[in-house]
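Rule-based calculations on the coordinates, nothing more; no lab input. Predicted model only: the values in this text are computed from it and were never measured. Note: ideal-geometry Cβ built from the backbone for every residue, glycine included; neighbour counts use all protein chains shown.
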Amino acid sequence: MSQTKLDVRVDPEIVQAMMTHLRNETTNLAASDIHVPVDHFVNPERARAEIALMKTLPLAVAHGSELAEPGDFITRTILGMPLILSRQADGTVQAFLNMCSHRGGRVEVEEKGKRRVFSCRYHGWSFDAKGGGLRTVPFQSSFDPIDRDSHGLERFKTEQRHGLVWVDFSNNTARSVADYLGPEVDAQLEPWQLEQSAIVIDKTFTLDVNWKLVIDGATDIMHPQFLHPGGVGDLIESNLGVDRDYGRHVQHFGARRKLRTLVEQGGAPEAGSRYIASNLVLFPNVLVITAPEHVECWTVYPHEDPHKSTVNIRFYVRRSILSPEIEARVHKSWEILSHAAGKEDWPMEEWIQQNAKAQPRGTFRYARSDVTCQHLHRQLARELDGIEL
Ligand code: FES
Ligand SMILES: [Fe+2]
């Protein structure tokens, strides 16, 4: 299979803007630097407010392939909420709170499987996987009358889009995931065919780092040449890029070093992800980073303890191109990433976290060129503080 066949085209407008920056040694700039209080990275109240905000937004919590068939389920705790995701007979996915309506037991303890009924081990109440309704109550005559309609499993609004399963804890029926993402983000995600992709890499890490520092580290464009010399720093141009603001969401396009090499050797700029890297940030906590053969998806969850976060990293590969050769290449990419993140980014972020804990005064400064990195903090300030940073 040829390289170009594997690739997904990048908008020629982006390539033109990138070429201008490459020639002039410039980059996209925000209106100003921003200054984020160090307190925001260490304050438990701030962490609680961020979690509360996230619970009002659609959150990508799973990939459809994890529960492919009707009756398939997975359990997962998201922002402290124990969930069961269950594939329904009509192909939809329903999220239930994994909490018995009798006295709060877990009704499913396995991580995944297939079930028509979820049963609580404490006193044997059971619930239909289809719809979550209360099914059986042992020793029922020992209770006052039980209104079955109000004793099903609690349900959360669940949608599938771009192959991902989105849960909205606020049950906002007026806003779909499509509304939330908007047509521009849809158009960016669509060519990657996430719904027809397989999960090739799936890793989860709990870090002693505030979740925003983890996202900063993955969106900051100034650091690669310093923190990742001989690795990622040699593969991507530092402090050079084009950003697109989609309102809540944002996308950064960066130049791979081979774009400069190609152009310096007199080649025409190629509008492919082999030459242009993209990092699409779905507010607040998902990063979709594209490479020719795969999509790297980060989901970063805060903890109530502001000094901790959990990051899940997945590599998705379109089934149409999946082969042992591609799989081997994707594993190689994971090795490069796991070195950069695990040995370079996250240790730095842990030091920053420790420093912020020791000295939680003052502000951190985000340069004008870190447009995408700024975006998270600007958007959080808008939504949580009602201010423009
Ligand atoms: S707590 Fe579930 S059956 Fe009693
Ligand atoms: Fe990095």
Taking K and R as +1 and D and E as -1, what net charge do the other residues with C-beta under 13 Å from the C-beta of residue 209 add up to? -3
Could you give the size of the charge dipole of the stretch 59-174 about its Cα centre, using +1 on the Cβ of each K and R and -1 on the Cβ of each D and E, expressed in debye and rounded to the nearest 20? 180
Using alpha carbon centroids, what distance separates the stretch 292-315 and the stretch 323-389, in Å? 10
Mean Cα-pair separation over length for the chain, i.e. relative contact order, pairs under 8 Å, 6 or more apart, %: 23
Crossing angle, helix 177-189 versus the chain [Cα axis fit, 0-90 degrees, rounded to tens]: 40
Considering all alpha-carbon pairs of the stretch 59-174, what whole percent are spaced by more than 25 angstrom? 20
How far is helix 12-24 tilted off the main Cα axis of the chain, in degrees rounded to 10, range 0 to 90? 40
Flagged links, alpha-carbon separation over 19 Å, of 203/332; 203/357; 55/212; 212/308; 203/343; 130/203: 203/357; 130/203
Length gained if residue 146 through residue 114 is fully extended, taking 0.36 nm per residue and subtracting the Cα-Cα distance, is 8.7 nm
Here the residues of the stretch 4-46 lying in the modelled label zone of residue 323, meaning backbone nitrogen under 20 Å from a point 7 Å along Cα-to-Cβ, are 4-9
Please report, in whole Å, how far the alpha carbons of the stretch 282-369 spread along each principal axis, starting with the longest. 51, 30, 26
Just to be sure I understand: with springs between alpha-carbon atoms less than 10 Å apart, which residue in 266, 91, 231 has the highest mean-square fluctuation in the Gaussian network model of the chain? 266
Lys/Arg +1, Asp/Glu -1 at C-beta; the chain dipole; positive extreme among 223, 99, 367: 99
Based on a Kirkwood Rh over C-alpha pairs, give the Stokes-Einstein translational diffusion coefficient of the chain at 20 °C and viscosity 1.002 mPa s in µm²/s. 95
Degrees, to the nearest 10: 324-339 long Cα axis against longest axis of the chain: 80
Among 22, 35, 138, whose Cα projects farthest towards the positive end of the dipole of the chain, with charges put on the beta-carbon of Lys, Arg (+1) and Asp, Glu (-1)? 138
Taking GluC sites (Glu not before Pro) that fall in a DSSP loop and have at most 16 other Cβ atoms within 10 Å as cut points, what is the longest piece of the chain between them? 155-303
If one computes the Cα centroid of the stretch 265-282 and of the stretch 1-67, what distance in Å separates the two points? 16
If exposed means trypsin sites (Lys or Arg not before Pro) lying in a DSSP loop and surrounded by at most 14 other beta carbons within 10 Å, then the longest stretch of the chain lacking such sites spans residues 176-360
